[in-house]
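Written below as structure tokens is the structure these notes are about.
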Amino acid sequence: MRHTLLAAFTVFALAGAAAAAQDDFALQKAYNDRLIAMDDSAAAHVELAKWCEQQGLAERALVHWQEALFRDPTSAEAKRALGLNSPVAAKAAEPTLAPPQDPAFQERQRAYADQIRQIAWRYLVPTNAEAWAEGRNRILSMNDPAAVEPLNRILSLGPVEHRLLEAEALAGIPGDEARQALVRMILTENSKSAFLAAIERLRSRADSDRVGPLLAALDAPTEVRRRAAYALGELRAASAIPALIAHLRAPEARTVTVTERVEPMGMFSGTIIPYVADVHPIVSDHAVAFDPVIGYIGSGVSVGSTAGPQEVTVEKTKIKLVEQPAVLEALKKITGQDFGYNLFQWRQWQYQLERDRAAQPDAAPNPNPGAPGAGGAGAPGQ
């Protein structure tokens with residue numbers, strides 16, 4: 001493993017100007033010292049990710065959060081940092097690898113890791129066009145699923161050019177491992193260009209299910225949901241229409257500050273029993289929450305106060321249905337329609353579309369007649 005870390009250090013050193021532009025020399029040296037000295041455990045990557053965040057190295061922190069999650073898929077800290085607290089979204093973003101009991105597969109992984117480190121060290125220098133072309137050809141010649149994990153682990157540590165090459169390589173590797181790795185890039189990649197490249201490479205694949213993990217990610221926290229919705233729109237995924245309609249509004253917890261009038265309490269001797277006097281339901285297509293109203297029943301003797309009602313400021317956590325612009329833009333791109341956040345009109349349109357398809361079972365599905373819908377918001381800012 002020490003050789004892996006030394007190789008990662010070498011890749012950053014060869015990046016030259018790109019690394020120097022991000023960090024000053026002292027900060028870069030401090031990072032490299034920690035990188036070389038650390039072990040390859042999930043806990044070590046978590047600690048280095050936290051240190052990178054404290055130093056303002058957001059991109060490198062993201063790499064180590066991803067590495068931590070790869071080594072420990074149950075890491076709560078890594079999931080929280082990557083916005084994958086939803087169990088469904090976390091499952092969608094995790095790579096699917098060969099069973100650990102397959103020694104032949106693991107041996108091929110180790111062999112590919114050695115090859116990729118050598119290629120990165122000798123050829124993948126963005127400033128040397130001739131060497132880069134040779135290194136790129138060697139990377140793209142790897143079409144074995146066993147190459148997916150080392151490609152992701154080694155190239156993700158380099159500059160954005162390495163991640164663009166990783167996405168290109170994954171597009172040509174068959175199997176679930178490469179597809180899941182591309183979905184993982186879409187949901188977590190920090191570079192806008194690499195994020196868009198991962199979407200385009202996923203589009204180019206011939207997998208029977210390219211959108212399933214992205215649909216699952218619609219139940220994730222806001223940032224992951226936004227990335228998944230944008231990708232679904234770019235893929236023109238007609239099968240995603242019902243799920244996107246259901247997620248036009250999503251329940252989110254919001255802390256609000258309110259001013260309340262309360263009656264000052266006098267002296268009381270007895271028992272006070274709280275009870276739920278009423279509930280205020282908050283409903284969406286796929287979630288229901290309740291805001292309880294608490295009442296009190298007193299039994300005993302009290303002495304009132306003459307101070308009168310008082311105003312106090314308190315913080316409350318409320319569940320609100322929040323409109324999702326990225327989901328609406330995806331629907332517009334896929335369907336060519338724009339009903340805003342009116343779920344009733346979207347459902348009517350969907351029902352009519354399904355009726356038309358049932359009446360013409362031999363016709364090819366075409367949820368987006370004519371030109372695509374208005375472009376709206378661009379790619380999620382990275």
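Looking at A250, A198, A217, which one is closer than 30 Å to L157 by Cα and at pLDDT below 90? Checking each option against the conditions leaves just A217. Would you mind stating whether R136 is of a type in the set (K, R), modelled with pLDDT of 90 or more and either crowded, with 19+ Cβ neighbours inside 10 Å or not in a loop (DSSP other than H, G, I, E, B) (or both)? In short, yes. When region 309-354 is filtered for residues that are in a helix (DSSP H, G or I) and among the small types (G, A, S), the ones remaining, listed by number, are A326, A330. Being closer than 30 Å to V224 by Cβ and buried (at least 22 other Cβ atoms within 10 Å of the Cβ): is that true of A147 here? Answer is yes for this residue.
Restricting R179, R153 to those that are part of a helix (DSSP H, G or I), in contact with an Asp or Glu (Cβ under 6 Å, 6 or more places away or on another chain) and not polar (S, T, N, Q) reduces the list to R179.
Any residue at all in region 141-149 that's part of a helix (DSSP H, G or I) and in contact with an Asp or Glu (Cβ under 7 Å, 6 or more places away or on another chain)? Yes: one or more hits.
With respect to A120, is the statement that it is over 27 Å from A58 (Cβ atoms), of a type in the set (G, A, S) and part of a helix (DSSP H, G or I) true? Judged against the criteria, A120 is not a match.
The values are calculated or read from the model by the stated rules, or taken from the named source; none is laboratory data. The structure displayed is predicted, hence computed values, not measured ones. Methodologically, a virtual Cβ is constructed for each residue, glycine included, from the backbone with ideal geometry; neighbour enumeration extends over all protein chains shown.
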